[in-house]
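The values are calculated or read from the model by the stated rules, or taken from the named source; none is laboratory data. The structure presented is a predicted model; accordingly, all values stated were derived computationally and were not measured. Here the Cβ positions follow ideal geometry from the backbone for every residue, glycine too, while neighbour counts run over all protein chains shown. All accessible areas refer to the heavy atoms of the entire protein, side chains included, with ligands and DNA or RNA removed. Shrake-Rupley method; radii C 1.70, N 1.55, O 1.52, S 1.80 Å.
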Amino acid sequence: MKYYLKLGFVLLIITVIASGILAFINSFTEPIIKFNEQKQKEEARREVHPEAASFDSIGTINNETITVYAARAENDSLIGYTFLAVKYGYSSDVKTMVGLRSDLSINKIKIISQAETPGLGANCTKPEFQEKFSNLKYDNLLVDKDGGNITSITGATITTRTITNSIKEAFDNLDPVLKNTKTEEVTE
Amino acid sequence: MRLFQEFTKGFVKENPVFVMALGLCPTLAVTSSVENAIGMGMAATFVLAFSNSIISLIKNLIPSKIRIPAYIVVIASFVTIVDMVMNAYFPEIHKNLGLFIPLIVVNCIILGRAEAFASKNNLLRSVIDGLGMGLGFTLALIVIGSIREILGAGQLLGYNILPATYKPVLVAILAPGAFLVMGILMGLMNLKKNK
Amino acid sequence: MSQIYAVSAAPHIKQKISVSSVMWQVALALTPALLAAVVFFGIRSLELTIYGILAAVITEALFQKIRQVPITVTDGSAVVTGMLISFNLNVASPWWLPVAGSVFAITIGKQIFGGLGHNPMNPALLGRAFLVASWPTLTTAGWTASAPFKNLFEGSINGLKNLPSNIPDVITSATPLGVAKALRDPAIISRDMAETVMNKLADMDTIRHLFWGNIGGCIGEVSAGLLLLGAAYLAYKHIIEWRIPVSYIATVFVLIYVFGGINGLFSASILLPVFHIFAGGLILGAFFMATDMVTSPVTKRGRYIFGIGCGIITVVIRLVGGYPEGVSYSILLMNIAVPLIDKYTVPKPFGEVRS
């Protein structure tokens with residue numbers, strides 16, 4: 001009996017020391033990790049709205065899975081919105097940062113993360129593909145195979161359609177959130 | 001001299017991947033590019049060197065009945081340290097390696113060296129063994145990673161090294177490519193050994 | 001040792017056949033289909049086939065020289081492999097595509113296991129799987145219709161000329177099976193239109209085009225009729241045996257009849273299974289690839305199981321999988337299962353006492 005208590009005691013000591021060390025290191029790295037994550041999101045938003053000076057959250061849509069941000073210029077006037085559209089593609093969740101102008105046409109999109117097939121769906125991260133979405137409006141969000149103008153990635157219609165539909169679905173629910181901010185808009 | 005042999009044995013003669021066939025899961029999973037291979041290799045080497053040294057130090061304090069859980073706690077701690085530090089300072093590589101960093105805990109090379117070497121040898125030799133084995137693992141990953149990246153993407157470390165007319169053999173950076181390249185390399189090593 | 005060789009109970013009949021004569025006759029049987037491809041797609045299909053054959057033969061000779069074993073390229077097996085690989089390609093492929101496929105098929109698919117007779121999977125199909133995984137855009141997209149003789153029969157690329165003009169693009173630029181696949185996705189095509197097109201597919205006219213080969217597709221699968229001619233010759237010579245292809249095709253027929261319609265079970269017309277048999281690579285696969293002696297079961301019951309298994313996997317891929325065509329993967333998967341099938345279907349020797 002005493003022997004088994006000793007075994008437990010030794011293990012206890014080892015785990016206590018280990019968790020102590022881990023906690024100590026965590027206190028250093030945690031803020032950096034948090035900061036990195038914030039910075040990454042901020043950079044992604046700036047990527048689709050380069051001219052914006054600040055972003056502020058104006059509400060959530062799609063059961064609070066998507067947070068919509070308003071992009072504002074130096075003088076606080078509204079220049080557009082950004083949100084992160086997510087949808088399952090061929091083999092992974094495709095996350096697309098979307099930047100809208102205040103007239104709801106697309107300024108730019110940026111694929112933030114995906115794990116689609118290399119060489120096919122993964123080509124959606126190429127700038128040539130993402131540029132095709134610029135200036136499109138809700139009604140034009142249609143892949144060429146379905147009769148629209150967005151040229152699908154060769155051999156990866158599913159990925160193209162996923163990205164298009166993820167943006168479209170977010171669009172569908174955007175209205176209520178935007179109404180709240182319209183009033184704050186600075187008239188020029 | 002003996003120490004030097006202890007260091008280099010993991011490179012070819014007792015290479016953890018090609019000869020001992022240990023740690024194959026990360027080998028197959030992260031070698032789609034050289035950058036990932038180096039990141040994974042260095043992380044594993046770090047864990048291996050430190051876990052070997054700690055285990056060598058405390059080997060006499062641990063009753064043999066609970067040595068495996070004790071080793072695992074030590075290894076898991078170092079893996080968690082690597083995970084946190086990488087996430088903080090190298091977020092890009094951390095994102096690519098993803099799940100495979102925490103999985104270093106169950107990488108057979110590390111527990112294998114702890115059990116087979118560090119628990120029977122002194123501190124210096126254990127550290128040397130850990131470093132050597134870790135670098136051998138890294139070397140194997142880099143070799144597989146380079147072949148796959150050159151064939152499958154026409155690149156090395158992200159730089160295009162083949163002419164633009166080269167149409168990449170996509171299968172090399174997909175999962176089957178990992179099995180093929182590793183299998184062929186293992187076969188060639190056996191062929192050489194048996195000659 | 002006797003357990004390995006005595007598959008069925010004695011007496012055994014000896015036949016005067018050799019690997020060499022078998023392989024050359026298979027090559028001969030494939031020739032009519034190649035001629036059809038030249039007629040429909042142009043001389044380019046012959047060129048591609050020759051590239052594939054040359055690459056296969058040279059690779060085999062080189063590999064055998066390196067392994068220091070007798071060089072056996074004259075037995076014709078490499079020729080057949082090279083031919084089948086080119087048959088699986090689009091006629092617009094670059095020259096290096098059949099070459100890469102043949103090199104892979106011969107080295108990884110065959111010689112690395114110890115040469116002919118030791119390969120677990122059909123080398124040609126493995127070569128094709130390698131090409132599809134490596135260059136998916138070159139091997140699965142952009143099928144060309146038969147250009148020079150396009151108007152020989154009045155149908156166009158897929159016999160779907162008289163369709164309503166507002167049908168989305170995908171429908172008119174794909175292979176017949178690509179069309180059949182697209183119909184199942186409501187995101188691409190509306191239900192009503194899908195039904196109209198479906199009726200067009202399951203139509204004697206379409207099937208006639210499929211049979212003679214005036215369709216878009218890869219080199220070797222283009223003319224079902226001429227492939228059947230070659231298969232009939234091989235069957236007459238007892239080189240291929242009927243159990244695998246018959247059970248394979250029958251399974252596809254039944255399953256497509258039951259599940260193939262777009263309005264639930266049994267909603268397909270009886271012509272839809274016929275369409276599925278002549279479209280794509282089923283005839284080529286069932287008669288020339290699934291029957292490969294090395295990679296198919298040796299027992300009679302095993303051959304039925306093998307054929308039915310291929311049929312089930314093919315239909316599952318065609319109806320619900322990610323690709324329009326599933327013949328090659330179904331045969332590869334069943335190839336892997338062959339040792340297992342053989343193990344469980346060994347006939348009991350007559351008169352053996354149960355221990």
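Taken over the range C:36-76, the criterion of being free of Cβ contacts under 8 Å to residues at least 40 places away in the same chain, buried (at least 17 other Cβ atoms within 10 Å of the Cβ) and touching a Gly at 6+ places or on another chain (Cβ under 9 Å) is satisfied by C:57 alone.
Counting the residues of the range C:232-259 that are farther than 17 Å from residue C:277 by Cβ, open to solvent by 30 Å² or more (accessible area, probe 1.4 Å) and part of a loop (DSSP other than H, G, I, E, B) gives 3. From the list B:127, B:143, the lone residue that is more than 14 Å from chain A (Cβ to nearest Cβ), touching a helix residue (DSSP H, G or I) at 6+ places or on another chain (Cβ under 9 Å) and more than 20 Å from residue B:47 (Cβ to Cβ) is B:143.
Let's see how each residue does on (1) polar (S, T, N, Q); (2) away from chain B (no Cβ under 12 Å); (3) part of a helix (DSSP H, G or I):
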site: A:4; (1), (2), (3): no, no, yes
site: A:13; (1), (2), (3): no, no, yes
site: A:27; (1), (2), (3): yes, no, yes
site: A:52; (1), (2), (3): no, yes, no
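Do you know which residues across the range A:71-96 are among the hydroxyl-bearing types (Ser, Thr, Tyr), more than 16 Å from residue A:42 (Cα to Cα) and surrounded by 18 or more Cβ atoms within 10 Å (Cβ to Cβ)?
Taking the range A:71-96 first, the residues among the hydroxyl-bearing types (Ser, Thr, Tyr) are A:77, A:81-82, A:88, A:90-92, A:96.
Adding the requirement that they be more than 16 Å from residue A:42 (Cα to Cα) leaves A:77, A:88, A:90-92.
Result: A:90, single match.
Scanning the range A:136-150 for residues that are within 10 Å of chain C (Cβ to nearest Cβ) and at pLDDT 75 or above returns a single hit, A:143.
Evaluate the following for residue B:77: is it in contact with a Phe, Trp or Tyr (Cβ under 6 Å, 6 or more places away or on another chain) and hydroxyl-bearing (Ser, Thr, Tyr)? Here the answer is no, as residue B:77 does not meet what is asked.
Take residue C:132 and tell me if it is at pLDDT 80 or above, within 14 Å of another protein chain (Cβ to nearest Cβ), out of contact with any Phe, Trp or Tyr (no Cβ under 6 Å at 6 or more places or on another chain) and open to solvent by less than 10 Å² (accessible area, probe 1.4 Å).
yes
If you go through the range C:314-345 and pick out every residue that is within 19 Å of residue C:182 (Cα to Cα) and not hydroxyl-bearing (Ser, Thr, Tyr), you end up with 12. Among the conditions (1) at the interface with chain B (Cβ under 10 Å from one of its Cβ atoms); (2) more than 21 Å from residue B:58 (Cα to Cα); (3) surrounded by 14 or more Cβ atoms within 10 Å (Cβ to Cβ), the only one that residue A:34 does not satisfy is (3). Taken over the range B:141-178, the criterion of being closer than 18 Å to residue B:20 by Cβ and surrounded by fewer than 20 Cβ atoms within 10 Å (Cβ to Cβ) is satisfied by B:142, B:143. Of all residues in the range B:94-114, those satisfying the criterion of being open to solvent by 40 Å² or more (accessible area, probe 1.4 Å), touching a residue at least 24 places away in the same chain (Cβ under 8 Å) and farther than 16 Å from residue B:39 by Cα are B:108, B:111. Of the residues in the range B:39-46, not one is more than 10 Å from the chain's Cα centre (by Cα) and open to solvent by less than 60 Å² (accessible area, probe 1.4 Å). Checking each residue in the range B:48-69 for being among the hydrophobic types (A, V, I, L, M, F, W, C) and not in a loop (DSSP other than H, G, I, E, B) picks out B:48, B:49, B:50, B:54, B:55, B:57, B:58, B:66, B:68. Summed over the range B:56-72, the residues that are among the β-branched types (Val, Ile, Thr), surrounded by fewer than 18 Cβ atoms within 10 Å (Cβ to Cβ) and facing chain A (nearest Cβ under 7 Å) give a count of 1. When you scan the range C:265-274, do you find a residue that is touching a helix residue (DSSP H, G or I) at 6+ places or on another chain (Cβ under 6 Å), open to solvent by 20 Å² or more (accessible area, probe 1.4 Å) and closer than 14 Å to residue C:244 by Cα, even just one? Among the residues of the range C:265-274, not one is touching a helix residue (DSSP H, G or I) at 6+ places or on another chain (Cβ under 6 Å), open to solvent by 20 Å² or more (accessible area, probe 1.4 Å) and closer than 14 Å to residue C:244 by Cα, which makes the answer no.
Residue B:135 meets each of the listed conditions (1) at pLDDT below 85; (2) within 12 Å of the chain's Cα centre (by Cα) apart from (1). Checked against (1) surrounded by 19 or more Cβ atoms within 10 Å (Cβ to Cβ); (2) at the interface with another protein chain (Cβ under 7 Å from one of its Cβ atoms), residue B:91 passes all but condition (1).
Based on this model, can you work out whether residue B:85 counts as more than 10 Å from chain A (Cβ to nearest Cβ), open to solvent by 30 Å² or more (accessible area, probe 1.4 Å) and either of a type outside the set (Ser, Thr, Tyr) or closer than 29 Å to residue B:176 by Cα (or both)? Don't jump to the end; show me each part of the working.
Details: more than 10 Å from chain A (Cβ to nearest Cβ): no; open to solvent by 30 Å² or more (accessible area, probe 1.4 Å): yes; either of a type outside the set (Ser, Thr, Tyr) or closer than 29 Å to residue B:176 by Cα (or both): yes.
Here the answer is no, as residue B:85 does not meet what is asked.
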